[in-house]
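Trainee: Take this structure, written in structure tokens, and hold onto it; I'll ask about it next.
The values are calculated or read from the model by the stated rules, or taken from the named source; none is laboratory data. All values reported here derive from a predicted model rather than from experimental measurement. Here the Cβ positions follow ideal geometry from the backbone for every residue, glycine too, while neighbour counts run over all protein chains shown. Protein only, heavy atoms only, side chains kept; ligands, DNA and RNA dropped before computing areas. Shrake-Rupley method; radii C 1.70, N 1.55, O 1.52, S 1.80 Å.
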Amino acid sequence: MTTARVLVDLGARKYPILIGSNTLGTLGIALRENCLTQRDAFIITNAEVGAHYFETVRVSLEGAGFRRVVRHDIPASEQGKNWDEFTKACAGMLEQFPDAGSIPLVILLGGGVVGDLGGFAAAVFRRGVPFVQIPTTLLSAVDSSVGGKVAVNFGGVKNIMGAFSQPRLVFCDLTVLKTLSAREVRSGTAEIVKYGVVCSESLFRELEDGAMERLLALDPATLTDIVAQCCRLKADVVERDEFDKLGIRNVLNFGHTIGHGLELSAGYALTHGEAIAIGMVAATRMAVQLGMVGEPIAQRLFALIQRAGLPMSFPETPGLFEQIIKAMQSDKKFRDGKNLFVLPTAIGAWEPRENVDWKLVEECVRSILS
Ligand SMILES: NC(=O)c1ccc[n+]([C@@H]2O[C@H](COP(=O)([O-])OP(=O)(O)OC[C@H]3O[C@@H](n4cnc5c(N)ncnc54)[C@H](O)[C@@H]3O)[C@@H](O)[C@H]2O)c1
Ligand SMILES: [Zn+2]
């Protein structure tokens with residue numbers, strides 16, 4: 001299987017995820033086929049991704065009749081996912097498209113940083129203009145491009161300024177992953193392992209049975225299969241709890257409570273996926289301590305994280321522990337003095353826990369500092 005189509009069925013806001021290989025040159029046709037009839041396009045990307053893929057996108061759009069294709073670059077890292085860059089993207093849209101008669105299609109060409117920041121800009125420009133996600137990292141293909149959570153970091157808190165705004169289409173050409181660094185490919189596998197642990201035992205087993213190594217080698221059939229499975233799993237969650245109000249969507253936060261705290265405190269030394277891998281280790285230790293899951297399951301998860309080449313700990317430096325705790329206490333899900341932990345109860349099952357004894361939380365955070 002080298003192509004797949006996943007529908008995110010949100011009624012009036014439903015959209016397809018088109019997964020394929022060597023398809024970027026057909027983007028323009030796909031947009032028109034999906035009723036995106038805009039005359040102009042505003043492409044948000046970064047220097048790294050733009051250097052590889054902007055021209056292909058531009059030529060494809062012009063071939064499909066787009067008249068103006070404007071490019072806007074943001075910095076190529078998590079440090080650039082901030083309010084200043086967000087307002088620059090908004091200013092760029094307003095400057096280039098001041099006329100209400102020429103609202104562009106916003107196209108987000110990049111990883112999760114481009115998708116989150118650019119999606120937020122599209123969500124608020126003129127109270128929302130249509131946008132399309134073109135994920136170019138494994139992480140964004142399996143996770144951030146789907147589901148409509150768009151945001152930037154602000155005041156030292158991850159994703160605290162944002163919106164819910166669904167894309168009109170997710171267009172995923174897996175061939176673009178060939179230019180991604182090995183480190184970023186590994187990083188993407190962290191969210192895939194996350195889906196396996198809390199949503200799907202069969203996915204977890206597939207990873208254990210060799211799909212992990214085939215993924216890391218970017219085997220096209222494995223990539224298509226696993227990306228489609230993850231998108232389907234995420235779509236199922238989002239379809240049941242689009243606005244994160246019912247507690248169902250919390251499942252996607254496995255590894256993220258301590259992981260986000262570490263990601264923010266490590267001074268950008270870790271990718272998002274690396275921080276989440278370490279966060280999953282800490283959360284699973286917590287689940288074992290609470291008697292929610294047995295040690296053998298924890299060992300299976302740790303083995304898979306190691307096979308992915310992802311870290312299980314981070315070097316301790318003076319003050320780091322305190323910084324992580326502080327960051328966790330300003331997490332956007334911190335409520336009434338408590339963090340929300342998503343903890344596994346088996347492979348493919350989870351439960352939320354809000355009343356974890358603070359001593360145990362601290363013990364689990366200490367356990368990931370080496
Ligand atoms: N909205 C959501 O639901 C959601 C879910 C998960 C993660 N996220 C967010 O996603 C972000 C992480 O995204 P990411 O891991 O994609 O990182 P990223 O967007 O920072 O990209 C990682 C690096 O890879 C480079 N790159 C991207 N595509 C490339 C390609 N094809 N070839 C060569 N280089 C390429 C980028 O320039 C960057 O340097 C975090 O901010 C995280 O909070 C959001
Ligand atoms: Zn994540």
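Trainee: Could we say that ALA141 is touching a residue at least 40 places away in the same chain (Cβ under 8 Å) and within 14 Å of ligand 2 (Cβ to nearest atom) here? Lay out the reasoning, then the answer.
Mentor: Details: touching a residue at least 40 places away in the same chain (Cβ under 8 Å): yes; within 14 Å of ligand 2 (Cβ to nearest atom): yes.
Yes, satisfied.
Trainee: Further question on the same structure: Here is a check on your reading of the model: is ALA287 surrounded by 15 or more Cβ atoms within 10 Å (Cβ to Cβ) and in contact with a Pro (Cβ under 8 Å, 6 or more places away or on another chain)?
Mentor: yes
Trainee: Within the range 108-126, can you find the residues that are within 18 Å of ILE160 (Cα to Cα), within 7 Å of ligand 1 (Cβ to nearest atom) and open to solvent by 10 Å² or more (accessible area, probe 1.4 Å)?
Mentor: GLY112, VAL113, ASP116
Trainee: Could you go through the range 19-34 and let me know if any residue there is surrounded by fewer than 18 Cβ atoms within 10 Å (Cβ to Cβ) and under 21 Å from VAL113 (Cα atoms).
Mentor: No, that holds for no residue.
Trainee: Then there is this: Please find, among VAL170, VAL146, the residue that is within 13 Å of ligand 1 (Cβ to nearest atom), under 20 Å from ALA235 (Cβ atoms), in a loop (DSSP other than H, G, I, E, B) and among the hydrophobic types (A, V, I, L, M, F, W, C). Outline the logic, then answer.
Mentor: Values: VAL170 fails: in a loop (DSSP other than H, G, I, E, B).
Only one candidate passes the filter, namely VAL146.
Trainee: Now for a separate question. Considering each of ASP357, ASP331 in turn, give the residue that is among the charged types (D, E, K, R) and surrounded by 19 or more Cβ atoms within 10 Å (Cβ to Cβ).
Mentor: ASP331
Trainee: Given ARG186, ARG127, which one is charged (D, E, K, R) and away from ligand 2 (no atom under 15 Å from the Cβ)?
Mentor: On inspection, the qualifying residue turns out to be ARG127.
Trainee: Shifting gears a bit: Please pick out the residue among ALA235, ALA228, ALA298 that is closer than 14 Å to VAL197 by Cβ, more than 15 Å from ligand 2 (Cβ to nearest atom), small (Gly, Ala, Ser) and surrounded by fewer than 24 Cβ atoms within 10 Å (Cβ to Cβ). Can you show your working first?
Mentor: Values: ALA235 fails: closer than 14 Å to VAL197 by Cβ; ALA228 fails: closer than 14 Å to VAL197 by Cβ.
Residue meeting the stated conditions: ALA298.
Trainee: Next up: Among the residues of the range 253-273, which ones are surrounded by fewer than 24 Cβ atoms within 10 Å (Cβ to Cβ) and of a type in the set (D, E, K, R)?
Mentor: The answer is none; no residue qualifies.
Trainee: Being surrounded by fewer than 19 Cβ atoms within 10 Å (Cβ to Cβ) and closer than 18 Å to ARG39 by Cβ is the filter here, so list the residues in the range 84-104 that pass it.
Mentor: LEU94, GLU95, GLN96, PRO98, ASP99, ALA100, GLY101, SER102, ILE103
Trainee: Among the candidates GLN306, GLN323, which residue alone is part of a helix (DSSP H, G or I), farther than 23 Å from GLY196 by Cβ, polar (S, T, N, Q) and outside the structural domain of ALA76 (by TED's automatic domain parsing)?
Mentor: On inspection, the qualifying residue turns out to be GLN323.
Trainee: So is THR271 among the hydroxyl-bearing types (Ser, Thr, Tyr) and more than 24 Å from the chain's Cα centre (by Cα) or not?
Mentor: So THR271 fails the test.
Trainee: Moving on. Go over the candidates MET280, MET286 one by one and state the one that is in a helix (DSSP H, G or I) and over 15 Å from LYS194 (Cβ atoms).
Mentor: Result of the check over MET280, MET286: MET286.
Trainee: Does LYS178 satisfy the criteria of being open to solvent by 40 Å² or more (accessible area, probe 1.4 Å), more than 9 Å from ligand 1 (Cβ to nearest atom) and assigned to a helix (DSSP H, G or I)?
Mentor: no
Trainee: Can you give me the ranges of the helices (runs of 4 or more DSSP H) entirely in the range 21-116 with at least 3 residues that are of a type in the set (D, E, K, R) and within 23 Å of CYS172 (Cα to Cα)?
Mentor: Counting at least 3 such residues, we get 47-63.
Trainee: Right, something else. Would you confirm whether or not the range 131-139 contains a residue that is assigned to a helix (DSSP H, G or I) and open to solvent by less than 10 Å² (accessible area, probe 1.4 Å)?
Mentor: Checked the range 131-139: at least one residue is assigned to a helix (DSSP H, G or I) and open to solvent by less than 10 Å² (accessible area, probe 1.4 Å).
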